[in-house]
Structures are given as structure tokens and as C-alpha cells.
Amino acid sequence: MIVIGNTLVSLDLIERFFVCDLKVCKGICCIEGDAGAPLLEKERQEIERNMHKILPLLTPQGRIAITRDGSAYIDEDGDLVTMLIEGSNCAYCTFDNNGVCLCALEKGYRNSKLPQLKPSSCHLYPVRLSKVGGMTAINLHRWKICACAEKLGRKLNVRAYQFLKESLIREFGEDWYEDLEKVAGEWLSKKR
């Protein structure tokens, strides 16, 4: 782990290669799993405030689930998470013509229809955050369904921290990210 500000950064974030390969994985991370995506209360509130703009972007099943059950729920572990459709994929999933699962919240943001509402847990994935004392630990979650992302990252020579630049800046700020880039550059040059 490397300390940057009040964060503990896993070396995996710096050393491992990662670029989502939606052509291969089809966005399965939004479908697989045993609960919705972790959601902060302030994120839930922002989603609720924008629900009139979000509902038209969803699949009919997503609209039904959210209208019937709400925008989020508390899972078995007591965590606030995004609503699921029939216990399977996230209610905010949409699908393109090739069957690739895409986030309606992200699509709405990219098309200037919504503010950035994608939950930070999704935007940061495969990063997972946890508290260690007064610090935030930043770890890279490794899941077999993301093996294609590691392969593509290696092919394109893109490290996980580089791929996640936008979401890391959103979460920790530009100064923090500049510090991460500097530390990563020094660390990787020593490993050569």
C-alpha cells in the first residue's frame, strides 16, 4: 500500500492493467452478483430528484421495478444498494443492439440529459473503497468476469489507475490524482 493524503492505495491499482472490454464481457458486472450496487444516501437522493428524467431512459422492466419498489433498497448486509429487476440485473441497466449492458445513468450523463448520477461504486469499479482507521483504503477487486479487461489493458498498455482517471478524480480530486500519477510513475520506473 502507498499513502497518498488520507488514502491507502493498493499497488494493484498502479501495477495491474485494466480496460473494460464491453465487446467481450457485455457489461455482465451490472447483472451478476447477489445485490445491487452500493449507493450512498446522497446519491440516492440525487437519483430521486432526477427520477422524472431517468425513468424514460430505462427498460420497461427497470421502470416497473423502480416504480413498484423504489430507486434503492437495503440488502442482506444492511447496505443501501441500487434496485434490482427480479433479483437479477440492476434496474438502471439498458442494452444496446449488440446485447451489451449499459448504465442508463451514465448514458444520460454522456448525452447531456442528466447530471453525473452514476453511483461512485459503479463509476470506480473495479476499485472498492473501505475505511481503515481514519483513512480510505483503495483496493482493486479482481473478478473472473473482468479477465478480458485485464487482457485488453495489457494489450493497450493501460494501467487500472489510468483507466479510472475520471472516476478517481471525481472521488478524490485532481490534486490527489496528480499525486497518484507521480507516485505511480516513480514506482513503475523502479520495477523496470
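The values are calculated or read from the model by the stated rules, or taken from the named source; none is laboratory data. Note that this is a predicted model, so its numbers are computed, not measured. Note: ideal-geometry Cβ built from the backbone for every residue, glycine included; neighbour counts use all protein chains shown. Surface areas here come from the heavy atoms of the whole protein model, side chains and all, with no ligands, DNA or RNA. Shrake-Rupley method; radii C 1.70, N 1.55, O 1.52, S 1.80 Å.
The chain has equivalent-ellipsoid semi-axes of 30, 19, 15 Å, by the square roots of 5 times the alpha carbon gyration tensor eigenvalues, sorted largest first.
When the C-alpha to C-alpha distance is required to be over 19 Å, the pairs from LYS23/LYS151; LYS53/LYS165; LYS165/LYS190; LYS53/LYS107; LYS53/LYS118; LYS53/LYS113 that qualify are LYS53/LYS165; LYS165/LYS190. Scoring 128-135, 149-156 by mean Cβ neighbours within 10 Å over their residues and listing the highest first yields 149-156, 128-135.
Remark on THR136: its backbone amide H falls under 5 Å from those of THR7, LEU8, a criterion applied only to residues 5 or more positions apart or on other chains, H modelled at 1.01 Å from N. For THR59, nonlocal amide neighbours, meaning residues 5 or more places apart or on other chains whose placed amide H falls under 5 Å from its own, do not occur.
Determine the dipole magnitude for region 107-165: charges of +1 sit on the beta-carbon of Lys and Arg, -1 on that of Asp and Glu, nothing else is charged, the reference point is the Cα centre, and the result goes in debye to the nearest 20. Numbers along the way, then the final one.
On the way: 13 positive and 1 negative charges, 40 e Å.
Computed about the Cα centre, the dipole is about 200 debye.
About the centre of its Cα atoms, the chain shows a dipole size close to 740 debye [charges on the beta carbon of Lys, Arg (+1) and Asp, Glu (-1) only; nearest 20 debye].
Averaged per residue, what accessible area in Å² does region 30-83 show with a 1.4 Å probe, protein chains only? The partial results should precede the final answer.
On the way: 3190 Å² over 54 residues.
On a per-residue basis, region 30-83 sits at 59 Å².
Compute log10 of I(q)/I(0) for region 51-119 with the Debye formula, placing one identical point scatterer on every Cα and leaving out solvent, at q = 0.14, 0.18, 0.28 Å⁻¹, to two decimals. So the normalised log intensities work out to -0.41, -0.66, -1.34.
Roughly to the nearest percent, how much of the accessible area of region 54-97 is carbon and sulfur, given a 1.4 Å probe? Here it works out to 50 percent.
In summary, the lysines within cross-link reach of LYS131, defined as a Cα separation below 20 angstrom excluding same-chain residues under 8 places away, comprise LYS42.
Per residue, the chain reaches -11500 deg cm²/dmol at 222 nm when only DSSP H runs of four or more residues are counted, each adding -39500 (n - 2.57).
Percent of Cα-Cα pairs more than 17 Å apart in region 1-98, please. Show your work: numbers first, answer last.
On the way: 2936 of 4753 pairs.
When every Cα pair of region 1-98 is considered, 62 percent fall beyond 17 Å.
As a test of understanding, state the convex hull volume per residue of region 96-192 from its alpha carbons, in Å³. Provide the component values of the computation, followed by the final result.
Values: hull volume 14.2 nm³, N = 97.
Value for region 96-192: 146 Å³ per residue.
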